[in-house]
Amino acid sequence: MKKLTLLLLLFTACQTDSPRNPLNVQHAGALKTMMHKGDLSAKKDLQELAGTPNLYALGAVENLKGEILIYDGQPLVTSVKNGTIAVDKSFDKKAALLVWAAVDTWAEVPVPSNVKSFEEFEIFIKKAAEENGLDTETQFPFLLDGTARSLTWHVINWKDGDTEHSHEKHIKSGLNGTLKNIAVNILGFYSKHHRTIYTHHTSNIHAHFKTAENPFAGHADDIELGENMVLKLPVEKYTLLENATLIDVNNLGKTENDISNACILLKNKHIEWAGKCSEKPALPDNTKIIDASGKYIMPGLFDGFAAINNQAYCNAYLYSGITSIISVDGGRRGPFFGDGNPSPNIYRLEGVGEEKIETDTLLAQIGDLHEKGFKVLLLMYGLTPDQLKLAIKKAAENNMATIGEMGYTTYKEGMDLGLDAIVHTTRYSLDVAPRDMAKAVADEPFSNDLNSPKWKYYKYLTKIKKDNKRLLQHAENIGKSNTFIIPTSSLSYLDLPEHKNPWKEPVAAIINIEDVNRPADPVTGNHSIDSEEQAAYTNLITNELANIEPTYRAHGAKYLAGSGTDVWGTMPGISLHTELWLLHNKIGLTNREVLAAATANFAEAYNWKNGKIEKRYAANILILNKNPLDDLENLKDIETVILNGRLIEREGLLK
């Protein structure tokens, strides 16, 4: 079999050498510079690519001290340590050579059984690409999945000071071997025009691999294909939304730059362009046109603190226009459900430090959560200021968002340390209480006993007025910080005298009452709790909404919308709209600020490419029949939900 001599890349600059580059393949460094000039220095910092959606990349670590594979945004950097393979799953590396592209949609092409060797596969991929509409005069990435009969690999570990380079020496410098009958995921890049740049001088392909289980990765030197392997090629699908009013939700909802007669061009799962239709770019021939005349367009909604337990929950969120959630699970909220189809985008959250914890254990837990795919850390009551500082740093290294729900550390300290957000009015108002009271709550944060430290604190909150000095100081601290706040006032919506029955909402028909913690009575819409407890909760939420939250708002607090679903009677989809109503009607945000709190503010708070209608952001979009700036109820009058570029058949979600 012909060697898959896909050698390691060193970018001299981020550039493309072929005449056209429709898939925006980029590279840094060059093989010829490495091989002939011995330049092994860093050409690309992987941190610059962290957070890029649907990122695929391969290359070599600076000084040729390992192999780089980034597969759908997840890095696997392999190196040789003490004679064995070490795997680093962070972006904390620099590349001597790297080639990368972002691809969100792939077309599957079965590989014929007569294609066995890599030489035969290289011929086949050219033919398959042309048949699938790709121009093989341009560069493009590909995936190859399935069970290989054999795969020969290496992980480079170049000797410092050695200036004599060859492919054979690269292979022998580290560890190498052959895997037999192994399930693999292979990432490769094809180009006729990049030989000696990022492919060997005898090949049009450079490829790396990872094993499907117990991930191990490296450079693929040779492969014998097995039966039923599948080639995946990038697909470009375009959709144009035209003639709508595009609602401005940027800048925390402070600006009013709506665009009438707007067009939004979608490319696969992302937004390619947005602006006035009169200024739209030339459209590809296969563009699907959707006439949105008379409609209003805005990003899909976020629920920033919610459970997802089953397919009905998925459907309820999407029917309600919620295309993304930060998922909270366990305990009263039940088990996590991640197999929904369709499903909103899920950013999974897990808490650390609910109780006192050793620092080494804390950091190990964060690393483990990152490896398991969690995107958000809830930093909790038991953490000291020093531990919180280290946890925030560790989260940032792993591109994880942080939310604080603390006790032993003050919220002022947490905000100063750089928390992205803090959650629950009752919790982030602990800085209004004396420290001994706050620490007592931290020792026992979840008791429902009306004589518990938590309830002594809650009763203290019911007496706080707008002129309280502690409240004013805390409000000033919140307003001056970069930290967003998530009130989750909807958790107590049923405790307000003027609440409506959530079971009357159309989407409630698909929700099983047994899935909801402490649900409202379907007939009365009320909580079924004793009068003393009900009075305590009513007094608490009434004062929060009359005095506490409006004070934070008046001092410049930045808001995120989260429903708290599905405890205390909150329900998927329904309660996010309740939260938005409360933000406007009780706390005092304008309608536009409310829309921002459920969309673009998430992009600002967590640095995610989601929540805005801008180039390269996720194509999660609502087409509305009426203007939500006039009335937030119009957010429920949805013409179309677009989820990751795909139109969702909304009424079918209720079946």
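The values are calculated or read from the model by the stated rules, or taken from the named source; none is laboratory data. Quick caveat: nothing in here was measured; it's all calculated off a predicted structure. Heads up, the Cβs are rebuilt from the backbone with ideal geometry, glycines too, and the neighbour counts pull from every protein chain shown.
A quick yes/no check of all residues on (1) modelled with pLDDT of 95 or more; (2) outside the structural domain of E137 (by TED's automatic domain parsing); (3) polar (S, T, N, Q):
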site	(1), (2), (3)
K3	no, yes, no
L8	no, yes, no
S18	no, yes, yes
K32	no, no, no
H36	no, no, no
E48	no, no, no
Are any residues in region 515-534 exposed (fewer than 14 other Cβ atoms within 10 Å of the Cβ) and modelled with pLDDT of 95 or more, and if so, which ones?
P522, V523, T524
Would you mention how many residues in region 155-179 are closer than 29 Å to P234 by Cβ and either assigned to a loop (DSSP other than H, G, I, E, B) or touching a helix residue (DSSP H, G or I) at 6+ places or on another chain (Cβ under 6 Å) (or both)?
1
Would you confirm whether or not region 593-615 contains a residue that is under 19 Å from T255 (Cα atoms), among the hydroxyl-bearing types (S, T, Y) and surrounded by 24 or more Cβ atoms within 10 Å (Cβ to Cβ)?
yes
For S90, work out the one condition from (1) touching a residue at least 24 places away in the same chain (Cβ under 8 Å); (2) of a type outside the set (V, I, T); (3) in contact with a helix residue (DSSP H, G or I) (Cβ under 8 Å, 6 or more places away or on another chain); (4) closer than 24 Å to P234 by Cβ it doesn't fulfil.
(4)
Matching residues, region 204-241, being part of a loop (DSSP other than H, G, I, E, B) and crowded, with 20+ Cβ neighbours inside 10 Å
N204, L225, M229
Index of the failed condition, L629 passing every other in (1) out of contact with any Phe, Trp or Tyr (no Cβ under 6 Å at 6 or more places or on another chain); (2) on the phi > 0 side of the Ramachandran plot; (3) modelled with pLDDT of 95 or more
(2)
Name the strands (runs of 3 or more DSSP E) wholly within region 283-363 that hold at least 2 residues that are hydroxyl-bearing (S, T, Y) and assigned by TED's automatic domain parsing to the domain that holds A401?
322-327
Name the residue, out of Y460, Y493, that is under 18 Å from K586 (Cβ atoms), of a type in the set (F, W, Y) and assigned to a helix (DSSP H, G or I).
Y493
Could you tell me whether any residue of region 324-335 is modelled with pLDDT of 95 or more, of a type outside the set (A, V, I, L, M) and closer than 23 Å to F374 by Cα?
yes
Residue under question is A244, and the condition is that it be under 23 Å from the mean Cα position of the chain (by Cα), at negative phi and buried (at least 18 other Cβ atoms within 10 Å of the Cβ); does it hold?
no
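Tell me which residues, restricted to region 478-490, are closer than 30 Å to H577 by Cβ and in a helix (DSSP H, G or I).
I478, G479, S489, S490
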Which one of A107, A129 is outside any strand (DSSP E or B), more than 23 Å from N176 (Cα to Cα) and in contact (Cβ under 8 Å) with a residue 12 or more places away in the chain?
A129
Kindly check whether there is at least one residue in region 73-93 that is in a strand (DSSP E or B), hydroxyl-bearing (S, T, Y) and closer than 20 Å to N399 by Cα.
yes
Inspect region 180-195 for any residue being within 30 Å of L595 (Cα to Cα), not small (G, A, S) and not in a strand (DSSP E or B) and give the result as yes or no.
no
Residues (touching an Asp or Glu at 6+ places or on another chain (Cβ under 7 Å), assigned by TED's automatic domain parsing to the domain that holds P502 and assigned to a loop (DSSP other than H, G, I, E, B)) located in region 606-638:
K615
Which condition from (1) in a loop (DSSP other than H, G, I, E, B); (2) surrounded by fewer than 20 Cβ atoms within 10 Å (Cβ to Cβ) is the one that T565 breaks?
(2)
